[in-house]
Amino acid sequence: MSVRETPKIAPAEGKLGVLLPGLGAVSTTFIAGVETIKKGQAAPIGSLTQLGRVRLGKRTDDRNPLIKDVVPLADMNNLAFGGWDIYDANCYDSAVNAGVLQRDLLDGVKSEMQAITPMPAVFEHRYVTRIDGPNIKKGANKMELAEALIDDIRNFKERTGVARAVMVWCGSTEIYQKASDVHQSVASFEKGLGENNPEIAPSQIYAYAALKSGVPFANGAPNLTVDIPAIMELAKTQGMPIAGKDYKTGQTFIKTLLAPGLKSRLLGLDGWFSTNILGNRDGEVLDDPDSFKTKEESKLSALDVILQPKLYPDLYGKFDHKVRINYYKPRGDNKEGWDNIDIFGWLGYQMQIKINFLCRDSILAAPLVLDLALFLDLAQRAGMSGIMEWLSFYFKSPMAAPGLYSEHDIFIQLMKLKNTLRWMKGEDLITHLGLEYYD
Ligand SMILES: NC(=O)c1ccc[n+]([C@@H]2O[C@H](COP(=O)([O-])OP(=O)(O)OC[C@H]3O[C@@H](n4cnc5c(N)ncnc54)[C@H](O)[C@@H]3O)[C@@H](O)[C@H]2O)c1
């Protein structure tokens, strides 16, 4: 198979709109961070698009430019933010309520944050049972709600003067859902919107509205959302990139660092027990068993894919994998995670690894929102459409083309991402084959 021709990438001219359904902890930490960084008061730590480099050419060439100097990304100074929430608090008040960032930092960007007020949300209580708010759209059916979102996007573009926009879902985790008949094609989905089909989740209405408006969409939560044939089809026909799902931040991030390492040494696994406490609004939503099930499915998938139990039955054929999330209010956004990993080595001798990760959920997630927004926009300008597998690096439960398994190993994901950037610029892909084996 030959590699497809390098795409022509339209320049990142004008401002980029970043539309965020859900203006809670992650969104406000992201926006406040961007505004603070723009003032030169902090560095974009954790962001590959801002700080990451990519090696180009041979090791002897000594070319390691910043990613943002290789591909034409939108500049952080050229972003405009908008969003929706079921609560009517502006972004400053929402950030204060989320309690992630210190008050003096927030006060430094108060006017910018206060200027972002949530547009009324498309919301159905059945899909997120633990919260309710006053800022909700009304419509005769779900098609009308989709049209109202399309109007919002158009108005946002006019108001802010952005040249393009992307949408990144930062809303609460919806209840567990499997694709059903209504999700199988654009035609059935649109019919379902008109008929108010209960199987169409609010997040899917946002995704539909985004793609119809020429806006790429990424899903930061574990909801099904764009992982359905109808939306995949729409992404293709609209020429829009989509990506998902569920930001890979705390415990699963560490899991996908460690599991490939254990497997690389062919060390066996008896069990992996992961538990967390967190006390933010996300934790409250996940306290509902149906929302937790969505998260659990997303968190459980990583080990199976990385360890390939079918190929290595003696090492990984029988391991026990448990994931618990406990809503514990005093901790707020400062999640604490524990992992107990029972492994075995030479002659079956058992060993244990213990991890205690005291992390900050939204601090880890915010740079991912930035990268996803900039990379989705890049992909769209490069004419790429459908599932962006090269962005799997960012997700706990990465989407893959139908019939293919998704890649969870973070090192493979990073290689895939960087090779995609090299391909976009017509640079040689890096295979890591030693120079001595080239003619
Ligand atoms: N922080 C992390 O590390 C991380 C990692 C992976 C996934 N996530 C996911 O990201 C999402 C956001 O996390 P968070 O900590 O900011 O949660 P949060 O509860 O602080 O914010 C979510 C916001 O979404 C709003 N919302 C819910 N349904 C909505 C709808 N239909 N339309 C518009 N707004 C809606 C809620 O009112 C809330 O303000 C959650 O689904 C979470 O599971 C977060």
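The values are calculated or read from the model by the stated rules, or taken from the named source; none is laboratory data. Note that the coordinates shown come from a computational prediction; the quantities given were computed from them, not determined experimentally. So basically every Cβ, Gly included, is an ideal-geometry build from the backbone, and we count neighbours across all protein chains shown.
Please go through the range 88-134 and give me each residue that is among the β-branched types (Val, Ile, Thr) and in a helix (DSSP H, G or I), ordered by number. Across the range 88-134, the qualifying residue is only Val96.
Among the residues that make up the range 154-165, is at least one of them of a type in the set (Ser, Thr, Tyr) and without any contact (Cβ under 8 Å) to a residue 60 or more places away in the chain? If you could, list the steps in order and put the result at the bottom.
Step one: of the range 154-165, the residues of a type in the set (Ser, Thr, Tyr) are 160.
Going one step further and asking which of them are without any contact (Cβ under 8 Å) to a residue 60 or more places away in the chain, we end up with none.
No, because not a single residue in the range 154-165 is of a type in the set (Ser, Thr, Tyr) and without any contact (Cβ under 8 Å) to a residue 60 or more places away in the chain.
Kindly evaluate Leu193 against the criterion of being within 16 Å of the ligand (Cβ to nearest atom) and within 14 Å of the chain's Cα centre (by Cα). So Leu193 fails the test. Scan the range 32-39 and give yes if some residue there is out of contact with any strand residue (DSSP E or B) (no Cβ under 7 Å at 6 or more places or on another chain), acidic (Asp, Glu), modelled with pLDDT of 95 or more and buried (at least 21 other Cβ atoms within 10 Å of the Cβ), otherwise no. So far as the range 32-39 goes, yes, one or more of its residues are out of contact with any strand residue (DSSP E or B) (no Cβ under 7 Å at 6 or more places or on another chain), acidic (Asp, Glu), modelled with pLDDT of 95 or more and buried (at least 21 other Cβ atoms within 10 Å of the Cβ).
Would you call Leu257 part of a loop (DSSP other than H, G, I, E, B), at pLDDT below 95 and among the aliphatic types (A, V, I, L, M)? Can you show your working first?
Details: part of a loop (DSSP other than H, G, I, E, B): no; at pLDDT below 95: yes; among the aliphatic types (A, V, I, L, M): yes.
Judged against the criteria, Leu257 is not a match.
I want to confirm something. Restricting to the range 199-219 and keeping residues that are part of a loop (DSSP other than H, G, I, E, B) and closer than 18 Å to Lys293 by Cβ, which single residue is farthest from the ligand (Cβ to nearest atom)?
Checking each candidate, the answer is Glu199.
With respect to being within 19 Å of Ser362 (Cα to Cα), within 16 Å of the ligand (Cβ to nearest atom) and in a strand (DSSP E or B), Ile277 fits the description.
Which members of the range 415-439 meet the condition of being under 19 Å from Asp377 (Cβ atoms) and among the aliphatic types (A, V, I, L, M)? Leu417, Leu421, Met424, listed by residue number.
Looking at the structure I just gave you, is Leu347 within 25 Å of Gly46 (Cα to Cα) and either within 14 Å of the ligand (Cβ to nearest atom) or among the aliphatic types (A, V, I, L, M) (or both)?
Working: within 25 Å of Gly46 (Cα to Cα): no; either within 14 Å of the ligand (Cβ to nearest atom) or among the aliphatic types (A, V, I, L, M) (or both): yes.
Here the answer is no, as Leu347 does not meet what is asked.
Given the condition among the aromatic types (Phe, Trp, Tyr), away from the ligand (no atom under 13 Å from the Cβ), assigned to a helix (DSSP H, G or I) and buried (at least 17 other Cβ atoms within 10 Å of the Cβ), answer yes or no: does some residue in the range 155-169 qualify?
Of the residues in the range 155-169, the ones among the aromatic types (Phe, Trp, Tyr) are 156, 169.
Filter again for away from the ligand (no atom under 13 Å from the Cβ), leaving 156.
Filter once more, keeping what is assigned to a helix (DSSP H, G or I): 156.
Filter once more, keeping what is buried (at least 17 other Cβ atoms within 10 Å of the Cβ): 156.
For the range 155-169, residues among the aromatic types (Phe, Trp, Tyr), away from the ligand (no atom under 13 Å from the Cβ), assigned to a helix (DSSP H, G or I) and buried (at least 17 other Cβ atoms within 10 Å of the Cβ): present.
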